[in-house]
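See structure below.
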Amino acid sequence: DLAQIGVSGLAVMGRNLARNLARNGFSVALHNRTSAKTKSLVAEHGDEGTFVPTETLEEFVAALERPRRVVIMVKAGAPTDAVIDELVPLLDEGDIVIDCGNAHYADTRRREADLRERGLHFVGAGVSGGEEGALLGPSIMPGGSKESYATLGPMFEKIAAQVDGTPCCVHVGPDGAGHFVKMVHNGIEYADMQLIAEAYDLLRDGLGATPAELAEIFAEWNSGDLSSFLIEITAEVLGHTDAATGSPFVDVVVDEAEQKGTGRWTVQTALDLGVPVTGIAEATFARALSAHPDQRAAARAALPGPSEAAQKVPAEERDAFVDDVRKALYASKVVAYAQGYDQMAAASTEYGWDIDLGAMATIWRGGCIIRARFLDRIKDAYATERPASLLVAPYFRDAVADGQQAWRRVVAHAARAGIPTPGFSSALAYYDALRADRLPAALIQGLRDYFGAHTYRRTDRDGSFHTLWATPDRSEVEA
Ligand code: NBP
């Protein structure tokens, strides 16, 4: 019998995705560049469902029912192109090639156009949830044609995480839309983690509390509005004791954050689209800063901070401080999501993707790293019409208004105590800039006109104007 779907690339992700498909009743053809991984999968998990192991791509393709559904799950970049190049000559019109790796959406657009010309469907599908998600139910963000989704969608919806009976998988939009949304998801994940880290830093310094005590605070937050996978595992990590030293685990880890590049892609893309994603950018830069130990050591030796006394929160204000930090975290998180949503909206317009933004919140509620109670609220915010910003959607508007003063107190405290809070601070600056009656952008326009004759518009009448700055009377001309 021919297999319903094939998976090529059987490292941790591909292996678990293949098992997930088999466990859900689909017959799965298996292929890996080197066949050891194929053999071990069948040897260890062959009883979980129907697997058709193959050694060559020719055998693999021949083992699939038509139209063929071929999932590629290899290292993103050149390896993906290598597999596609080898695979394509073996396929027939109407077959579907699905890249479930972490591809850059521009690569996906290129590959999709190329395969479409050859009569094939190419689906770039974002898959979130790591190893465990791939096995037990990830959040899946497939792009590509509507036609390909008609045959692929039901399978993906079955293996995806389910929340309240709704699968965490939806057709995002044509060509690179799925991988774009996955990229923004990862960018938001960076921002989420940075904000949590800042909250931890503020509490630890301000309260002088132990990581174990802070773990309890995060566990408590996880029962409220902030409830999310990342807050839950923050409590776990902070509560963990290092077996070798008996110290809190967080104290024995080198404080230099690494990154694989999806945060950077999100920021680079946002710059091109002209969308401020300051939350994601600050999170990405904060990781970069942490990873320069020599520069940090030089600065630590040379640059003074505030007096010790400024850092501690008085005993009678501790509970209020904890609550302020919680509200500041929530408000900053709303800003980060609002910005990520703006970025998806801008790309949707730019590329004609017609992304249903509310549906993105729906499919991020389970399976993926940023899964959170919060996302139900975002889904609701987009249920009727698209708000000008997530910040002005009624629920979030009220929540942020409620936390606004706390947010200001926390950022002021951080500045006085010398605690770096680029996420909290820039989010508040974004909030204030967005709601400002007048921005100093007017002065910037004046300066640009002065040195570069770049012209400006007036508040009182239409047209473009230039002031003759070098003339004695500085008269104005219409440009
Ligand atoms: P890796 O990213 O480590 O890739 C290993 C796989 O790529 C192996 O199957 C390997 O075959 C194959 N491969 C390589 Br490397 N070069 C190849 C080539 N030139 N031709 C054919 N095959 C080649 O695997 P992974 O961690 O399972 O991740 C797979 C994809 O999923 C990546 O794009 C990743 O970014 C994405 N992703 C990963 C996670 C996660 O949590 N790990 C989460 C979400 C998405 P071999 O066995 O013969 O060397």
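The values are calculated or read from the model by the stated rules, or taken from the named source; none is laboratory data. None of the values given here were measured: they were computed from a predicted structure. Don't worry about glycine lacking a Cβ; one is built from the backbone with ideal geometry, like all the others, and counts go over all protein chains shown. We work out accessible area using only protein heavy atoms, side chains counted, and drop any ligands, DNA or RNA first. Shrake-Rupley method; radii C 1.70, N 1.55, O 1.52, S 1.80 Å.
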(message) Residue under question is residue 117, and the condition is that it be within 9 Å of the ligand (Cβ to nearest atom), free of Cβ contacts under 8 Å to residues at least 40 places away in the same chain, over 29 Å from residue 230 (Cβ atoms) and surrounded by fewer than 24 Cβ atoms within 10 Å (Cβ to Cβ); does it hold?
(response) no
(message) Looking at 395, 351 in this structure, which one is more than 18 Å from residue 188 (Cα to Cα), out of contact with any Gly (no Cβ under 9 Å at 6 or more places or on another chain) and hydroxyl-bearing (Ser, Thr, Tyr)?
(response) 395
(request) Check off (1) under 27 Å from residue 348 (Cα atoms); (2) of a type outside the set (Ser, Thr, Tyr); (3) within 11 Å of the ligand (Cβ to nearest atom); (4) open to solvent by 20 Å² or more (accessible area, probe 1.4 Å) for residue 79 and give me the number that stays unchecked. (result) (1)
(message) Can you list residue pairs whose Cβ atoms sit under 6 Å apart, with the first residue in the range 120-147 being on the phi > 0 side of the Ramachandran plot and the second being aliphatic (A, V, I, L, M) and assigned to a strand (DSSP E or B)? Count only pairs 6 or more apart in sequence or on different chains.
(response) 144/123
(request) Identify the residue in the range 127-139 that is within 8 Å of the ligand (Cβ to nearest atom) and of a type in the set (Gly, Ala, Ser) and, among all such residues, is nearest to residue 22 (Cα to Cα). (result) 134
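Looking at 134, 209, which is the one that is among the small types (Gly, Ala, Ser) and in contact with a strand residue (DSSP E or B) (Cβ under 7 Å, 6 or more places away or on another chain)?
Answer to the selection: 134.
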(request) Six or more apart or on different chains, Cβ under 6 Å: which pairs go from a residue in the range 321-339 that's basic (Lys, Arg) to one that's open to solvent by less than 20 Å² (accessible area, probe 1.4 Å)? Could you list them? (result) 326/221; 327/403; 327/406; 333/195
(message) For the range 429-477, give me each residue that is of a type in the set (D, E, K, R), more than 43 Å from the chain's Cα centre (by Cα) and either surrounded by 11 or more Cβ atoms within 10 Å (Cβ to Cβ) or assigned to a helix (DSSP H, G or I) (or both).
(response) 476
(request) Just name the residue that is farthest from the ligand (Cβ to nearest atom) out of those in the range 17-36 that are closer than 25 Å to residue 161 by Cβ and surrounded by fewer than 24 Cβ atoms within 10 Å (Cβ to Cβ). (result) 25
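For the range 65-100, name all the residues that are among the small types (Gly, Ala, Ser) and more than 14 Å from residue 120 (Cβ to Cβ).
Hits for the range 65-100 are 76, 77, 78, 82.
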(request) For the range 53-74, state whether one or more residues are within 30 Å of residue 266 (Cβ to Cβ) and of a type in the set (Phe, Trp, Tyr). (result) no
(request) Considering only the range 244-278, state which residues are within 21 Å of residue 349 (Cβ to Cβ) and in a helix (DSSP H, G or I). (result) 265, 266, 267, 268, 269, 270, 271, 272, 273, 278
(request) Could you please find all residues in the range 149-181 being open to solvent by less than 10 Å² (accessible area, probe 1.4 Å) and either of a type in the set (D, E, K, R) or part of a loop (DSSP other than H, G, I, E, B) (or both)? (result) 160, 168, 172, 173, 176
(message) Of the conditions (1) part of a helix (DSSP H, G or I); (2) over 26 Å from residue 216 (Cα atoms); (3) touching a residue at least 40 places away in the same chain (Cβ under 8 Å), residue 305 satisfies every one except a single condition; which number is it?
(response) (1)
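Rundown of residues vs (1) under 30 Å from residue 76 (Cβ atoms); (2) crowded, with 16+ Cβ neighbours inside 10 Å; (3) of a type in the set (Val, Ile, Thr), yes/no style:
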{"residue": "216", "(1), (2), (3)": "no, no, no"}
{"residue": "226", "(1), (2), (3)": "no, yes, no"}
{"residue": "229", "(1), (2), (3)": "yes, yes, no"}
{"residue": "233", "(1), (2), (3)": "yes, no, yes"}
{"residue": "250", "(1), (2), (3)": "no, yes, yes"}
{"residue": "256", "(1), (2), (3)": "yes, no, no"}
{"residue": "265", "(1), (2), (3)": "yes, yes, no"}
{"residue": "271", "(1), (2), (3)": "yes, no, no"}
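Which ones in the range 131-148 are closer than 21 Å to residue 180 by Cβ and assigned to a helix (DSSP H, G or I)?
Within the range 131-148, 133, 134, 146, 147, 148 meet the criteria.
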(message) Can you confirm whether residue 277 is closer than 25 Å to residue 367 by Cα, among the β-branched types (Val, Ile, Thr) and open to solvent by less than 80 Å² (accessible area, probe 1.4 Å)?
(response) yes
(request) Report the residue count in the range 374-397 for those that are surrounded by fewer than 16 Cβ atoms within 10 Å (Cβ to Cβ) and under 19 Å from residue 170 (Cα atoms). (result) 5
(message) Of the conditions (1) within 11 Å of the ligand (Cβ to nearest atom); (2) open to solvent by 50 Å² or more (accessible area, probe 1.4 Å), residue 39 satisfies every one except a single condition; which number is it?
(response) (1)
(request) Assess whether residue 71 counts as being among the aliphatic types (A, V, I, L, M), under 21 Å from residue 138 (Cα atoms) and more than 11 Å from the ligand (Cβ to nearest atom). (result) no
(request) Considering only the range 253-284, state which residues are farther than 21 Å from residue 198 by Cβ and within 16 Å of the ligand (Cβ to nearest atom). (result) 260, 261, 265
(message) Cβ-Cβ under 6 Å, sequence separation 6+ or interchain: first residue in the range 444-468 and free of Cβ contacts under 8 Å to residues at least 40 places away in the same chain, partner small (Gly, Ala, Ser) and exposed (fewer than 12 other Cβ atoms within 10 Å of the Cβ). Which pairs?
(response) 468/475
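Here's the yes/no breakdown for (1) more than 30 Å from residue 181 (Cβ to Cβ); (2) not acidic (Asp, Glu):
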residue: 252; (1), (2): yes, yes
residue: 264; (1), (2): no, yes
residue: 277; (1), (2): no, yes
residue: 291; (1), (2): no, yes
residue: 295; (1), (2): yes, yes
residue: 303; (1), (2): yes, yes
residue: 308; (1), (2): yes, no
